[in-house]
Amino acid sequence: MRSTEHVGHRPETWAGHQKAASEQVETQTRRSKRLAHLGAGARGRRIVTVACALATVSMLASPSAGAERAPVKLSTALLAETSSAIRRSDVPGTAWSIDKSTGKVIVRVDSTVTAAGITKIKKAAGAHADAVDIKYFKGKLSRLLNGGQAIRAGVSSGTAICSLGFNVRRGTERFALTAGHCTKGTTNWYGDPAMTNKIGTTAHTEFPTNDWGVIRYDSDSAAHAYGQVYLYKLIEFRDISSAGNAKLGQEILQSGQTTGLRRGVVTGLDVTANYGNGEIVSGLVQTTACGEPGDSGGPVFAGNTALGLVSGGIGDCNNGGVTIYQPVTEVLSRHGMEVY
């Protein structure tokens, strides 16, 4: 019976437990619904938050992902290496210089340079080809051999006519400076078209690599070698009392027989020019003054300060052009001379 009573109590206990369980389930269900509602909202907020975060990241990241990569400026050493590579490419009709402000090597090419020549330059620059900035000019890069306040010399092909640059002195000796490609292969120099008035003889020539020539005046001519340059159209002379180095943006004057007096601005320093046939000259200065055959050796100056000797140029004064010149301070220092 105890077992029966015991068994008889189980239904009551089970019923109680079942009711309690039912109430607990109902309570949990209601709680779950409340939690589910809160959870949905929380999840919704989390989803919105994540979506906004991704949108924010996307808006921040998209420009950098889609924008072009900013060019990297080459170091001075790499620019020099690129310049040397362009020199080794040996493409005539080109003149180039390093522009540290932009991290570029500016290459000026004349009308004779073909697409194959441009490709050769770029190939030589290799990994740094993007740092090569090609500038195109009409006309041909040439040594401006023909005039100035003219001086003449006999050469195998006839007569070399160049411009006298500056008169200089070393002690009691007097000399005339001109372009080295003018004095190369010459001996006697004359001041008249008939070549009867001898003024001096070639004392020194630097060409190529540099481009200057030194003419030693004969005693009679030395007495009339004044420290001035001719201004052509102004029909007057400018006294030269010092020598200096050019700066970018500096205004200059250039004098030569063919084009007379020209004004310009310095646009390039340490320029290298390839005239062809292995004639490469470095350390030149470029200006916006035009020049033509006959201006070689002519003076470039600012105020009363001598700056250089015309070496060559691209283009002409009718269609526009540029000239490049040999700095005079290097010449004076090498030979222990001075302007006066």
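The values are calculated or read from the model by the stated rules, or taken from the named source; none is laboratory data. Nothing here was measured: the structure is a model prediction, and the numbers come from that model. Note: ideal-geometry Cβ built from the backbone for every residue, glycine included; neighbour counts use all protein chains shown.
Before moving on, here are some points about what is shown:
- Filtering R169, R216, R174 for residues that are touching a Phe, Trp or Tyr at 6+ places or on another chain (Cβ under 6 Å) and surrounded by fewer than 18 Cβ atoms within 10 Å (Cβ to Cβ) leaves a single hit, R169.
- Taken together, the residues in the range 316-338 that are surrounded by fewer than 21 Cβ atoms within 10 Å (Cβ to Cβ), part of a strand (DSSP E or B) and either among the aliphatic types (A, V, I, L, M) or at pLDDT below 95 (or both) amount to 2.
- For the range 129-141, the condition holds for at least one residue, the condition being that it is charged (D, E, K, R) and modelled with pLDDT of 95 or more.
- Taken as a whole, the condition of being within 22 Å of the chain's Cα centre (by Cα) and under 24 Å from R174 (Cβ atoms) does not apply to Q257.
- Residue within the range 270-285 that is more than 20 Å from I134 (Cα to Cα) and under 18 Å from the mean Cα position of the chain (by Cα) present: no
- Meets criteria (in contact with a strand residue (DSSP E or B) (Cβ under 7 Å, 6 or more places away or on another chain) and either of a type outside the set (K, R) or on the phi > 0 side of the Ramachandran plot (or both)) for N277: no
- Verdict on T305 being hydroxyl-bearing (S, T, Y) and surrounded by 24 or more Cβ atoms within 10 Å (Cβ to Cβ): no
- Screening the range 177-209 for residues that are among the aliphatic types (A, V, I, L, M) and within 30 Å of G278 (Cα to Cα) and picking the one that is surrounded by the fewest Cβ atoms within 10 Å (Cβ to Cβ) gives A203.
- Subset tally (residues that are assigned to a loop (DSSP other than H, G, I, E, B) and more than 16 Å from the chain's Cα centre (by Cα)) for the range 84-109: 4
- Among the candidates G297, G291, G283, G278, the residue that is surrounded by fewer than 21 Cβ atoms within 10 Å (Cβ to Cβ) and either of a type in the set (K, R) or in a loop (DSSP other than H, G, I, E, B) (or both) is uniquely G278.
- Among residues of the range 54-83 being within 18 Å of the chain's Cα centre (by Cα) and either under 11 Å from I121 (Cα atoms) or among the basic types (K, R) (or both), the one that is modelled with the lowest pLDDT is K73.
- For the range 216-238, the criterion of a residue being under 24 Å from the mean Cα position of the chain (by Cα) and of a type outside the set (A, V, I, L, M, F, W, C) is satisfied by no position.
- When restricted to residues that are aliphatic (A, V, I, L, M), in contact (Cβ under 8 Å) with a residue 24 or more places away in the chain and not in a strand (DSSP E or B), the range 236-271 contains 2.
- Scan of the range 168-205 for residues that are in contact (Cβ under 8 Å) with a residue 60 or more places away in the chain and out of contact with any Cys (no Cβ under 9 Å at 6 or more places or on another chain), ordered by number: V168, R169, R170, F175, L177, G180, H204
- Test set (1) outside any strand (DSSP E or B); (2) modelled with pLDDT of 95 or more - H224 fails condition number: (2)
- Checking each residue in the range 86-136 for being more than 22 Å from T323 (Cα to Cα) and either acidic (D, E) or in contact with a Gly (Cβ under 7 Å, 6 or more places away or on another chain) (or both) picks out D130, A131.
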